[in-house]
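Undergrad: Have a look at this one.
The values are calculated or read from the model by the stated rules, or taken from the named source; none is laboratory data. A quick note: this is a predicted structure, and the numbers were derived from the prediction, not measured. Using ideal geometry, Cβ is built from the backbone for each residue, glycine included, and neighbour counts are taken over all protein chains shown.
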């Protein structure tokens, strides 16, 4: 008799954002006349920029004619996009990344969920706490995380690195040595960033202990401060210890278009059973076996992000979201909230008032202000008593949400 | 020190089609003037049909305007597409499948590679031999297949079900009881089909022994004979034992657009540790955690396949490929080859002449006729001395390829 993957059954409840969606839908159905403002899930609201739209139409037309039709994409991505990314996101910043070290995918969520698969079953993971749920959940599904303690929300075989106001939302080096370290900066959910010098400490540490850093750079477009690195490959030695995840979702608004990339340098190797194994070749094999490439039309859309027009339009989109972030950040400060983030990130992270739990504040905000945010505890135990608001709404909605919050 | 997934390292060589591509490229570089005809990889060559192109342009325009812009898609697919599929592919054929039993994905390759993940680590798989490599390779990567014997090409912990001329390319029920049975009909690579009565035997067997059938229906659009089932859910009892994989690649030419679906009925359950577990909920959890939905514009393109215009245009595309299949099948027969397939399938399966190995015949065909096919042995041990040609070229190329083959 067949059996299910019992590790899946260990997962508590459903995925955070599904739970939120259900709660919001139930409230809206019970109160159909109330206008809910959603500053919860990190989804963008501005339409795709003209350069991207134009590239999509052009590519669609190519697919309509036999002479220019393209079927299966190359497993690892079209050269035109790999080259544009390597050149613009890395080499132009002085990062030594070759075109063929870039693997194009259908988004950073898939990549961040799948990347654990190329590591050994007994790999020990370290995560920031709070953290984007996919890093932990995908390792739960793979059977790496031990047992779950419902009362604390802690997995027995995961190294948690608390990020709270006490340490400026920057993790400290773990006492126990991990094999995989997930870092996301600018951070989701706290909106905090770390400097290049701080990140260099992590790179040095990973090289010293033989760990791999999975560096999620999904929010790099929001960096406004000079000393914050856009890529981990700005740090010396990162080629031998770091994998970077890139997304087109938050800069260019591709949340519904799906495009991302994983960077694995050829220098990321490990001696195993007498052979030097490149992690690059394992990921290439995964792509070749379980994936069939991102759509051609979407890869052309990605390429358009690196044209002069595309760059300018994306910069403008990001600026509009950051205007919201700034408004929310300062508005909450004025209202007496304890807040952080929002400077190098579209996320504003606040301490709940009156020591409410995160979910209590969620319900409070939903019912009294009709504003949806994300409970910090959904991101891990150290997120308890915190709450995330995003700058991805419209400016008008951001202003109205703040007015409502101030009235609470 | 981190370690790689050692199961990945067990995989012999590279993915079949990557190997072919490298060989062909090397030959072309050495002989730049020779015109190579590619009847190897199962990629389509006709452009997307007008109904699909129109839907893509319309959806792209929606993404250009804030009022109609759509970000993250629902995890499991847009209702409009799930409904269109359930209605047209299933309920109109008398198959009892609900909209919410359809999970939209970026293609059947991803789904067929990922589906094993929701089953237990010790699940024993049974596959046809020869077989689409992804079924086996994805289980190798998950550590289920035991050891590889290079001389025989056999994994110690896989149940192989030979499909050769001797049994009419239809597998017999295995002697050892499997947990997962991969079936693909019309078959890739042999091009053979089985009747509804034959498939019913498998459904009854799976229900009796408590196995799950993963039924790959990627080629159902090519079925020309009445007694061949388009879906496993045409068989009685399939809701309690079968998962079906659907693709838009081979019917509508979406190989470069990426769209597919997995169907898991709510009735597919297993008693585990005192609870009734729905496999539907495990797959939903995988989607929610490691995937972010197929692009909105691509899902609209999929929907267009079910309009009257879309249906007619797709029927015409399939007919054009089947004209090639018919030409190749009969041409090879005339030339004295031992051939099958090509009636309910775009694949023609031939026995190599003079007892050549599959790869010997590959090289022979490439060098002497400049025609690329796929070595049967690349699909498993029982594929040795067989060879696959596809009908996905143009009619002119199919005719020319046959002329060259006849001259050999």
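Undergrad: Here is a check on your reading of the model: is residue A:140 within 11 Å of chain B (Cβ to nearest Cβ), out of contact with any helix residue (DSSP H, G or I) (no Cβ under 8 Å at 6 or more places or on another chain) and outside any loop (DSSP other than H, G, I, E, B)?
TA: Numbers: within 11 Å of chain B (Cβ to nearest Cβ): yes; out of contact with any helix residue (DSSP H, G or I) (no Cβ under 8 Å at 6 or more places or on another chain): no; outside any loop (DSSP other than H, G, I, E, B): yes.
Criteria not met by residue A:140.
Undergrad: Being facing another protein chain (nearest Cβ under 10 Å), touching a helix residue (DSSP H, G or I) at 6+ places or on another chain (Cβ under 8 Å) and touching a residue at least 24 places away in the same chain (Cβ under 8 Å) is the requirement here; does residue B:96 meet it? Explain how you work it out, then say what you get.
TA: Working: facing another protein chain (nearest Cβ under 10 Å): no; touching a helix residue (DSSP H, G or I) at 6+ places or on another chain (Cβ under 8 Å): yes; touching a residue at least 24 places away in the same chain (Cβ under 8 Å): yes.
So residue B:96 fails the test.
Undergrad: Quick one: residue B:200 ticks every box in (1) within 14 Å of another protein chain (Cβ to nearest Cβ); (2) assigned to a helix (DSSP H, G or I) except a single one, so which number is it?
TA: Every condition holds for residue B:200 apart from (1).
Undergrad: In addition: Would you be able to tell me the number of residues in region B:15-60 that are farther than 28 Å from residue B:314 by Cβ and in a helix (DSSP H, G or I)? Before the answer, list the steps.
TA: First, pick out the residues of region B:15-60 that are farther than 28 Å from residue B:314 by Cβ: B:15, B:18-19, B:22-36.
Okay, now just the ones that are also in a helix (DSSP H, G or I), so B:18-19, B:22-30.
Result for region B:15-60: 11.
Matching residues to (1) outside any loop (DSSP other than H, G, I, E, B); (2) surrounded by 17 or more Cβ atoms within 10 Å (Cβ to Cβ); (3) at pLDDT below 95; (4) outside the structural domain of residue B:131 (by TED's automatic domain parsing):
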position: B:152; (1), (2), (3), (4): no, no, yes, no
position: B:171; (1), (2), (3), (4): no, yes, no, no
position: B:176; (1), (2), (3), (4): no, no, no, no
position: B:182; (1), (2), (3), (4): yes, yes, no, no
position: B:206; (1), (2), (3), (4): yes, yes, no, no
position: B:227; (1), (2), (3), (4): no, no, no, no
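Undergrad: Might you check whether a residue that is touching a helix residue (DSSP H, G or I) at 6+ places or on another chain (Cβ under 7 Å), surrounded by 16 or more Cβ atoms within 10 Å (Cβ to Cβ), without any contact (Cβ under 8 Å) to a residue 24 or more places away in the chain and assigned to a helix (DSSP H, G or I) occurs anywhere in region A:302-322?
TA: There is no residue in region A:302-322 that is touching a helix residue (DSSP H, G or I) at 6+ places or on another chain (Cβ under 7 Å), surrounded by 16 or more Cβ atoms within 10 Å (Cβ to Cβ), without any contact (Cβ under 8 Å) to a residue 24 or more places away in the chain and assigned to a helix (DSSP H, G or I).
Undergrad: Give me the residue from region B:58-70 that is within 25 Å of residue A:67 (Cβ to Cβ) and buried (at least 18 other Cβ atoms within 10 Å of the Cβ) and, out of that set, farthest from the other protein chains (Cβ to nearest Cβ).
TA: Among those residues, the one meeting the criterion is B:59.
Undergrad: Something else about it: Here are some conditions: (1) farther than 27 Å from residue B:263 by Cα; (2) more than 8 Å from chain A (Cβ to nearest Cβ). Residue B:87 meets all but one. Which one does it not meet?
TA: Residue B:87 satisfies every listed condition except (1).
Undergrad: Quick one: in region A:1-14, of everything that is part of a helix (DSSP H, G or I) and either touching a helix residue (DSSP H, G or I) at 6+ places or on another chain (Cβ under 6 Å) or farther than 23 Å from residue B:264 by Cα (or both), which residue is nearest to the other protein chains (Cβ to nearest Cβ)? Step through it out loud before you land on a result.
TA: Going through region A:1-14, the residues part of a helix (DSSP H, G or I) turn out to be A:6-9.
Imposing the further condition that a residue be either touching a helix residue (DSSP H, G or I) at 6+ places or on another chain (Cβ under 6 Å) or farther than 23 Å from residue B:264 by Cα (or both) reduces the set to A:7-8.
Values: A:7: 9, A:8: 5 Å.
Top of the filtered list is A:8.
Undergrad: I need the full set of residues from region B:343-357 which are surrounded by fewer than 19 Cβ atoms within 10 Å (Cβ to Cβ) and assigned to a loop (DSSP other than H, G, I, E, B), in order please.
TA: Answer for region B:343-357, where residues must be surrounded by fewer than 19 Cβ atoms within 10 Å (Cβ to Cβ) and assigned to a loop (DSSP other than H, G, I, E, B): B:356, B:357.
Undergrad: Residues A:193, A:142: which one is under 16 Å from the mean Cα position of the chain (by Cα) and closer than 22 Å to residue A:109 by Cα?
TA: Numbers: A:142 fails: under 16 Å from the mean Cα position of the chain (by Cα).
Checking each option against the conditions leaves just A:193.
Undergrad: From the list A:398, A:382, which residue is buried (at least 18 other Cβ atoms within 10 Å of the Cβ), out of contact with any strand residue (DSSP E or B) (no Cβ under 8 Å at 6 or more places or on another chain), part of a helix (DSSP H, G or I) and outside the structural domain of residue A:192 (by TED's automatic domain parsing)?
TA: Values: A:382 fails: out of contact with any strand residue (DSSP E or B) (no Cβ under 8 Å at 6 or more places or on another chain).
Just a single option satisfies the conditions, and that option is A:398.
Undergrad: Looking only at region B:70-91, how many residues end up being within 23 Å of the chain's Cα centre (by Cα) and in a helix (DSSP H, G or I)?
TA: Looking only at that region, the number is 11.
Undergrad: Which residue is farthest from residue A:114 (Cα to Cα), if the candidates are limited to region B:22-56 and must be within 9 Å of chain A (Cβ to nearest Cβ) and more than 19 Å from the chain's Cα centre (by Cα)?
TA: So, considering only residues that are within 9 Å of chain A (Cβ to nearest Cβ) and more than 19 Å from the chain's Cα centre (by Cα), the one farthest from residue A:114 (Cα to Cα) is B:50.
Every residue, every condition in (1) within 30 Å of residue B:235 (Cα to Cα); (2) out of contact with any strand residue (DSSP E or B) (no Cβ under 8 Å at 6 or more places or on another chain), yes or no:
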residue	(1), (2)
B:22	no, yes
B:67	no, yes
B:74	no, yes
B:92	yes, yes
B:99	yes, yes
B:108	yes, no
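Undergrad: Take residue B:340 and decide whether it is within 22 Å of the chain's Cα centre (by Cα), modelled with pLDDT of 95 or more, outside the structural domain of residue B:154 (by TED's automatic domain parsing) and in a loop (DSSP other than H, G, I, E, B). Spell out the reasoning first.
TA: Values: within 22 Å of the chain's Cα centre (by Cα): yes; modelled with pLDDT of 95 or more: yes; outside the structural domain of residue B:154 (by TED's automatic domain parsing): yes; in a loop (DSSP other than H, G, I, E, B): no.
So residue B:340 does not fit the description; no.
Undergrad: Related question: For the list (1) assigned by TED's automatic domain parsing to the domain that holds residue B:179; (2) under 30 Å from residue B:57 (Cβ atoms), I need the number of the one condition that residue B:264 fails.
TA: (2)
Undergrad: Among the residues of region A:250-271 satisfying the criterion of being in contact with a strand residue (DSSP E or B) (Cβ under 8 Å, 6 or more places away or on another chain) and away from chain B (no Cβ under 11 Å), which is farthest from residue A:393 (Cα to Cα)? It would help to see each step written out before you state the result.
TA: Residues of region A:250-271 that are in contact with a strand residue (DSSP E or B) (Cβ under 8 Å, 6 or more places away or on another chain), as a first pass: A:254, A:259-266, A:268-271.
The next check asks that each one be away from chain B (no Cβ under 11 Å); those that pass are A:261-266.
Working: A:261: 26, A:262: 28, A:263: 30, A:264: 34, A:265: 36, A:266: 40 Å.
Taking the candidates together, the pick is A:266.
Undergrad: In region A:117-133, what residues are surrounded by fewer than 23 Cβ atoms within 10 Å (Cβ to Cβ) and within 10 Å of another protein chain (Cβ to nearest Cβ)?
TA: Once the filter is applied, which keeps residues that are surrounded by fewer than 23 Cβ atoms within 10 Å (Cβ to Cβ) and within 10 Å of another protein chain (Cβ to nearest Cβ), region A:117-133 yields A:117, A:120, A:121, A:122, A:123, A:124, A:133.
Undergrad: A follow-up question, please. Which residue out of B:246, B:258 is assigned by TED's automatic domain parsing to the domain that holds residue B:75, part of a loop (DSSP other than H, G, I, E, B) and either modelled with pLDDT under 95 or surrounded by 23 or more Cβ atoms within 10 Å (Cβ to Cβ) (or both)?
TA: B:258
Undergrad: Now for a different question. Being under 30 Å from residue B:155 (Cβ atoms) and modelled with pLDDT of 95 or more is the filter here; which residues of region B:364-381 pass it?
TA: Applying the first criterion (under 30 Å from residue B:155 (Cβ atoms)) to region B:364-381 yields B:364-366, B:372-381.
Those that are under 30 Å from residue B:155 (Cβ atoms) and modelled with pLDDT of 95 or more: B:364, B:365, B:366, B:372, B:373, B:374, B:375, B:376.
Undergrad: A follow-up question, please. Is it true that some residue in region A:358-377 is surrounded by fewer than 19 Cβ atoms within 10 Å (Cβ to Cβ) and part of a loop (DSSP other than H, G, I, E, B)? Show your work before the answer.
TA: Step one: filter region A:358-377 for residues surrounded by fewer than 19 Cβ atoms within 10 Å (Cβ to Cβ), giving A:359-360, A:363-364, A:367-368.
Those still in the list that are part of a loop (DSSP other than H, G, I, E, B) too: none.
No, every residue in region A:358-377 fails to be surrounded by fewer than 19 Cβ atoms within 10 Å (Cβ to Cβ) and part of a loop (DSSP other than H, G, I, E, B).
Undergrad: Determine whether region A:272-287 contains at least one residue that is touching a residue at least 12 places away in the same chain (Cβ under 8 Å), more than 8 Å from chain B (Cβ to nearest Cβ), buried (at least 21 other Cβ atoms within 10 Å of the Cβ) and closer than 18 Å to residue B:60 by Cα.
TA: no
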